[in-house]
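Below is one structure, written out as structure tokens; the observations come after it.
The values are calculated or read from the model by the stated rules, or taken from the named source; none is laboratory data. What you are looking at is a predicted structure, and each value in this text was computed from that prediction instead of being measured. Glycine gets a Cβ as well: all are built from the backbone with ideal geometry, and neighbour counts include every protein chain shown.
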């Protein structure tokens, strides 16, 4: 991945944090360096660059046919700025300051959208989640879920037994994490659990998130 950021301290902090999460990071301090950089899967793009505007760089990359995933990472937080960023070709738009948990969750979500992996059915005990057909059954009986409920379950079913942070669930299912969003997530989880029935297959990891039990 390529971090395009002219502030060396910010770039170094992002570099170190992303490396800890297992990413291979290249850095560019401006538009010219970014255009000369080797091909990457994703670009984290600051919009305030010393040799041009990040929006212009984003448009040029798309005009040149670049299929790289682009997340605008910037202090410009007005609605018109977010709209302009997305219309210029960015796949997502993240306003500074942000947490690494949210950044990584957004990166994962963007990569799933732009380069979707095969989505087979997940079988966990007597629970079957068909990620392609968007169907769920338990004990061979269909479970009818709303779109949000299915999306929540699918997030958990992709990695049974692994804790999925609350921030990642909110971003993947609702596209953002807003004040009071935790209550919305908890209500949907409670409804989902009720529909799946006993024994409970979705476990709460207090203060972190949720996970799907490996034996349903």
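Cβ separations smaller than 6 Å between residues 6+ apart or across chains give no pair from segment 79-103 residues that are closer than 15 Å to residue 43 by Cβ to residues that are in a loop (DSSP other than H, G, I, E, B) and at pLDDT 90 or above. So which of 125, 65 ends up being in the same structural domain as residue 168 (by TED's automatic domain parsing) and surrounded by fewer than 18 Cβ atoms within 10 Å (Cβ to Cβ)? Result: 125 is the single residue among 125, 65 that is in the same structural domain as residue 168 (by TED's automatic domain parsing) and surrounded by fewer than 18 Cβ atoms within 10 Å (Cβ to Cβ).
Taken together, the residues in segment 9-29 that are touching a helix residue (DSSP H, G or I) at 6+ places or on another chain (Cβ under 6 Å) and assigned to a helix (DSSP H, G or I) amount to 1. Here residue 169 meets the list (1) at pLDDT 90 or above; (2) under 15 Å from residue 191 (Cβ atoms); (3) crowded, with 20+ Cβ neighbours inside 10 Å almost entirely, failing just condition (1).
Need the failing condition index for residue 90 against (1) assigned to a loop (DSSP other than H, G, I, E, B); (2) within 19 Å of the chain's Cα centre (by Cα); (3) more than 19 Å from residue 23 (Cβ to Cβ); (4) at pLDDT 90 or above, just the number. Tallying (1) assigned to a loop (DSSP other than H, G, I, E, B); (2) within 19 Å of the chain's Cα centre (by Cα); (3) more than 19 Å from residue 23 (Cβ to Cβ); (4) at pLDDT 90 or above, residue 90 fails exactly one: (3).
Considering 81, 56, the condition of being at pLDDT below 90, out of contact with any helix residue (DSSP H, G or I) (no Cβ under 6 Å at 6 or more places or on another chain) and either assigned by TED's automatic domain parsing to the domain that holds residue 41 or on the phi > 0 side of the Ramachandran plot (or both) is satisfied by 81 alone.
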